[in-house]
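Structure first, then comments.
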Amino acid sequence: MLDRQTDRQTDRQTDRQTDRQTDRQTDSGFWHKSDLNSRLGFTLAEVLLVITIIGIVASLTIPGLITSVQDQQWKSAWKKNYSVISQAMENYKLTNNTETIAGALFLYPDTVTSELSKYFNAIKLCQYTDGCWNNLNYDYSNNPSVSNPATRTSLVLNDGTLMKVTIVNPSCIGIDNWLTDICAIVWVDVNGFKSPNTIGKDIYGAWLLKNRTLPLGSGRDSYNPATNCQTPNNGWGCSTQALTQ
């Protein structure tokens with residue numbers, strides 16, 4: 001009889017210890033199967049909250065990312081076109097057996113544009129007419145300027161780039177600040193007729209000197225990239241800055 005009572009007491013003690021261990025496991029993070037199943041799903045409110053947060057983050061970061069990608073594409077296109085301009089000038093000198101590009105080439109805008117079109121892989125030539133340059137451009141401070149058709153002798157290249165040449169001095173003795181031997185300026189819209197048509201973003205320029213080519217803002221002209229390639233300036237100094245970025 002005594003043995004049975006002792007066994008029952010021992011069983012009850014064992015059950016209590018087991019219950020206490022189970023409670024401790026539950027409290028320390030070990031869930032019962034029913035509890036675990038109830039924690040696997042998300043409520044509708046939680047899902048909507050996550051979607052809202054993702055939308056806010058995307059709206060803040062994606063526009064800036066797209067702008068950054070576009071800027072890099074325009075700069076890469078300008079680097080390519082600057083190389084095309086430099087090579088075209090070298091090919092012109094080689095073809096005409098001369099060490100400089102000074103001479104009859106720069107006497108008339110239509111002459112220089114049509115002549116250089118051979119070296120720029122142009123697919124269209126516009127002389128004093130619309131069709132090869134944007135009617136409205138903007139400087140770096142977003143101030144608009146209207147292109148005069150009388151100075152719009154220009155080209156469309158085979159990749160859609162727009163290009164025009166402005167004669168500075170037919171004898172190639174033009175001066176800008178400390179820069180000398182200037183013949184002309186080549187203006188380039190790397191984005192074609194697409195926006196933003198803005199100097200320093202998709203429009204750049206290069207000096208055609210008597211015996212070499214330099215980007216605007218090269219250090220000796222009046223377009224200092226450190227100050228010119230920012231508002232409220234016109235942005236021509238970006239032509240040099242974009243080549244180094």
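The values are calculated or read from the model by the stated rules, or taken from the named source; none is laboratory data. What you see is a predicted model, and the numbers here were worked out from it, not measured in a lab. For neighbour counting, all protein chains shown are included, and Cβ atoms are generated from backbone atoms with ideal geometry for every residue, glycine included.
Might you let me know whether region 109-120 holds any residue that is modelled with pLDDT under 85, assigned to a loop (DSSP other than H, G, I, E, B) and in contact with a Leu (Cβ under 8 Å, 6 or more places away or on another chain)?
Checked against the condition, which is being modelled with pLDDT under 85, assigned to a loop (DSSP other than H, G, I, E, B) and in contact with a Leu (Cβ under 8 Å, 6 or more places away or on another chain), region 109-120 yields no hits at all.
Rundown of residues vs (1) in contact with a strand residue (DSSP E or B) (Cβ under 9 Å, 6 or more places away or on another chain); (2) exposed (fewer than 14 other Cβ atoms within 10 Å of the Cβ); (3) of a type in the set (Ser, Thr, Tyr), yes/no style:
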{"position": "Ile101", "(1), (2), (3)": "yes, no, no"}
{"position": "Lys118", "(1), (2), (3)": "no, yes, no"}
{"position": "Lys124", "(1), (2), (3)": "yes, yes, no"}
{"position": "Gln127", "(1), (2), (3)": "yes, no, no"}
{"position": "Asn135", "(1), (2), (3)": "yes, yes, no"}
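Among the residues of region 192-210, is any of a type in the set (Phe, Trp, Tyr), within 25 Å of the chain's Cα centre (by Cα) and surrounded by fewer than 20 Cβ atoms within 10 Å (Cβ to Cβ)?
Keep residues of region 192-210 that are of a type in the set (Phe, Trp, Tyr), which gives 193, 204, 207.
When the remaining residues are screened for being within 25 Å of the chain's Cα centre (by Cα), the result is 193, 204, 207.
Next cut, surrounded by fewer than 20 Cβ atoms within 10 Å (Cβ to Cβ) only: 193.
Within region 192-210 (the criterion being of a type in the set (Phe, Trp, Tyr), within 25 Å of the chain's Cα centre (by Cα) and surrounded by fewer than 20 Cβ atoms within 10 Å (Cβ to Cβ)), the answer is yes, since at least one residue qualifies.
Among the residues in region 66-73, are any among the hydrophobic types (A, V, I, L, M, F, W, C), modelled with pLDDT under 90 and under 28 Å from Ala242 (Cα atoms)?
yes
Only residues in region 160-179 that are without any contact (Cβ under 8 Å) to a residue 12 or more places away in the chain and at negative phi count as the first member; pair them with residues that are surrounded by 15 or more Cβ atoms within 10 Å (Cβ to Cβ) and of a type outside the set (S, T, N, Q), Cβ under 6 angstrom, at least 6 apart or cross-chain, and list the lot.
Going by the 6 Å Cβ cut-off, the qualifying pairs are Gly174/Val168; Gly174/Ile182.
Find all pairs meeting these conditions: Cβ atoms under 7 angstrom apart; at least six residues apart or on different chains; first residue within region 217-234 and of a type in the set (Lys, Arg); second residue buried (at least 17 other Cβ atoms within 10 Å of the Cβ).
Arg220/Leu179
Taking the options Thr227, Thr231, Thr180, name whichever one is part of a loop (DSSP other than H, G, I, E, B), surrounded by fewer than 17 Cβ atoms within 10 Å (Cβ to Cβ) and not charged (D, E, K, R).
Details: Thr227 fails: part of a loop (DSSP other than H, G, I, E, B); Thr180 fails: part of a loop (DSSP other than H, G, I, E, B).
Of the residues listed, the single one that is part of a loop (DSSP other than H, G, I, E, B), surrounded by fewer than 17 Cβ atoms within 10 Å (Cβ to Cβ) and not charged (D, E, K, R) is Thr231.
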